[in-house]
Amino acid sequence: MVAVVFGARGNVGRHVADGLLAAGEQVRATSRTPDVAGLPSQMKVVAADLERPETLPAALEGADKVFLYAKPDGVEGFVEAAGSAGVRHVVLLSSAAVVVPGAEQNPIARQHQAVEAAIERSGIDWTFIRPGMFATNTLWWWQRSIRAESVVRTPYPDAQTAPVHEKDMAALAVTALTESGHRQRAYTVYGPESLTLRRQVEHIGDAIGRNVRLEVISVEEARAEMGRTMPAIGVETFLRQWAARNGTPAQVSATVEEITGHPAQTFAQWARDHADDFRS
Ligand SMILES: NC(=O)c1ccc[n+]([C@@H]2O[C@H](COP(=O)([O-])OP(=O)(O)OC[C@H]3O[C@@H](n4cnc5c(N)ncnc54)[C@H](OP(=O)(O)O)[C@@H]3O)[C@@H](O)[C@H]2O)c1
């Protein structure tokens, strides 16, 4: 039996693929560009694009379980191909946005809800991993300015978030795919500690052995700066979340430890794991 990991080069997908291999599973990795190097040689890599359903039957042939990223465009084609291939269990990387009040008004929540609903309707067993703020978002926001100028510019240095390590999301997915008792379950997962952005910057500075300055800028300036590295929908989402949590503790969770039996990784550990990403 084969476990198919979509997006096996992604932040989360790569650790899911590694975790399944370590658990003795036969892993088939997908990519839209399978010829690009970077995946372990034990994995067969196949071409698949979730937004081009005609690419999916070959990728899913003989598979019984799947790790999936949430792509609403083409999801009906995915569930049809998965059903035809005999897939029994899909673990979806969804989002905590779907359980936050006001989800109906949030386009990111609606995208993830659409994928969850399509999988539920399919009759295939499912597990939904619903993470909050990824620790990797700090690469998006701050990698460029830390590398180039040892500075972080933000309008909300005292906003609090509870970042989740991508290895913890992957550990949840691997547990769900390899152990019993996780089907038809949804796991909302926040990080283990609420930290101000200021404290997160200090952890990154400690990890790279450099003093990283923090400069307070206006919301308009932040919008322009963030717009250089991320789409507008992401910029507005983060600005809204920071404004709402300015000086307010973020929700934390013990989901990782409850489900995997291992404590969740701290942001300080995440920063050490990614120190090279922030060094120039
Ligand atoms: N950032 C957050 O705070 C946050 C919070 C909650 C939930 N999420 C969810 O987590 C996701 C991001 O996870 P991540 O950081 O691991 O992502 P990532 O590093 O950007 O990786 C995404 C992977 O998906 C694959 N992919 C992209 N489009 C595809 C398509 N059309 N068909 C098949 N594969 C495709 C890519 O593989 P190839 O390029 O090799 O094809 C890539 O490896 C978001 O999209 C969202 O759904 C994020």
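Using every pair of distinct Cα positions in the range 132-224, the Kirkwood expression returns a hydrodynamic radius of 15.0 angstrom. Shape summary: the range 169-266 maps onto an equivalent ellipsoid whose semi-axes, from the alpha-carbon gyration tensor, are 32, 18, 13 Å in decreasing order. The aspartates and glutamates within cross-link reach of Lys71, meaning a Cα-to-Cα straight distance under 12 Å and a gap of 8 or more places when in the same chain, are Asp49, Glu51, Glu116.
Remark on the range 2-131: Rg and Dmax equal 14.2, 44 Å (Cα only). Could you tell me what percent of the DSSP beta bridges with both partners in the chain are antiparallel, to the nearest 5? Looking only at bridges with both residues in the chain, the antiparallel portion is about 10 percent. Give me the net charge of Gly247's neighbourhood, meaning all other residues with Cβ under 14 Å from the Cβ of Gly247; Lys, Arg count +1, Asp, Glu -1. Counting the neighbours of Gly247, the net charge comes to +2. Here the gap between Glu120 and Glu61, fully extended at 0.36 nm per residue and compared with their Cα-Cα distance, gives a gain of 19.1 nm. Counting only DSSP beta bridges whose two residues both lie in the range 68-208, roughly 15 percent are antiparallel. When the chain is modelled as a GNM with alpha-carbon springs shorter than 10 Å, which of Gly86, Gly77, Gly181 fluctuates the most? Fluctuation is largest for Gly181.
Considering only Ala117, Ala47, Ala70, give the residue with the highest GNM mean-square fluctuation for the chain, with springs between Cα atoms whenever their separation is below 10 Å. Result for the chain, Cα springs under 10 Å: Ala117 fluctuates most. Largest mean-square fluctuation among Glu80, Glu179, Glu193, in a Gaussian network model of the chain whose springs join Cα atoms under 10 Å apart, belongs to Glu179. Rg/Rh for the range 1-52 (Cα atoms only, Rh after Kirkwood) is 0.93. For the chain, the convex hull spanned by the alpha carbon atoms encloses 130 Å³ per residue.
For Lys44, a cut-off of 19 angstrom between C-alpha atoms picks up these aspartates and glutamates, skipping any fewer than 8 places away in its own chain: Asp18, Glu25, Asp35, Glu61, Asp64.
For the chain, the mean residue ellipticity at 222 nm estimated from helices alone is -12500 deg cm²/dmol, where every DSSP H run of n ≥ 4 contributes -39500 (n - 2.57) and the total is divided by all residues, rounded to the nearest 500.
Charged neighbours of Ala17, selected by a Cβ distance under 12 Å, balance to +2 (K, R count +1; D, E count -1).
Note on the range 2-131: with charges restricted to the Cβ of Lys and Arg (+1) and Asp and Glu (-1), its dipole about the Cα centre is near 300 debye. Here the chain is assigned +1 on the Cβ of each Lys and Arg and -1 on the Cβ of each Asp and Glu. Its dipole about the Cα centre then comes out at about 360 debye.
All of the numbers you see were taken from the coordinates with simple rules; none came from a lab. Remember, predicted model here, so these are calculated numbers, not experimental data. Here Cβ is always computed from backbone atoms with ideal geometry, including for glycine, and neighbour counts include all displayed protein chains.
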